[in-house]
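Engineer: Handing you a structure now.
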Amino acid sequence: MESEISCILRACNSNIRLINNSCVNFIRRQASQVVHTLFRVSRFSASLQIFYYAPPCINALLLNDMR
């Protein structure tokens with residue numbers, strides 16, 4: 001018997017194939033945490049920011065990921 005989440009994922013996969021130039025990939029949790037942290041910080045900035053170095057808010061996450 002197939003689980004409910006498995007049915008949902010299969011339906012999503014079928015639907016995503018109908019959209020041109022799209023793909024779905026697995027993202028490691030650490031990468032997701034970095035993106036989530038950057039998003040939380042970006043809500044407080046009204047203008048475009050370009051970072052030439054990793055912002056301090058994600059330094060610990062990046063260091064953990066490199067181990």
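All of the numbers you see were taken from the coordinates with simple rules; none came from a lab. Quantities reported herein were computed from a predicted structural model and do not represent experimental measurements. Cβ sites come from the backbone with ideal geometry, for glycine too, and all protein chains shown count toward neighbours.
Engineer: Would you calculate, for the chain, the mean residue ellipticity at 222 nm contributed by helices, counting each DSSP H stretch of 4 or more residues as -39,500 (n - 2.57) and dividing by all residues, to the nearest 500? Provide the component values of the computation, followed by the final result.
Structural biologist: Numbers: 3 runs with 35 residues, N = 67.
The helix-only estimate for the chain comes to -16000 deg cm²/dmol at 222 nm.
Engineer: S3 versus R17, label points 7 Å from Cα toward the beta carbon: distance in nm?
Structural biologist: Modelled inter-label distance: 2.3 nm.
Engineer: Between V35 and S47, what length in nm is gained on full extension when 0.36 nm per residue of separation is reduced by their alpha carbon distance? Provide the component values of the computation, followed by the final result.
Structural biologist: Values: separation 12, 0.36 × 12 = 4.32 nm, distance 1.79 nm.
Additional length available on full extension: 2.5 nm.
Engineer: May I ask for the equivalent-ellipsoid semi-axes of the chain, computed as the square root of five times each C-alpha gyration tensor eigenvalue and listed largest first in whole Å?
Structural biologist: Details: eigenvalues 209, 59, 26 Å².
Largest first, the chain gives 32, 17, 11 Å.
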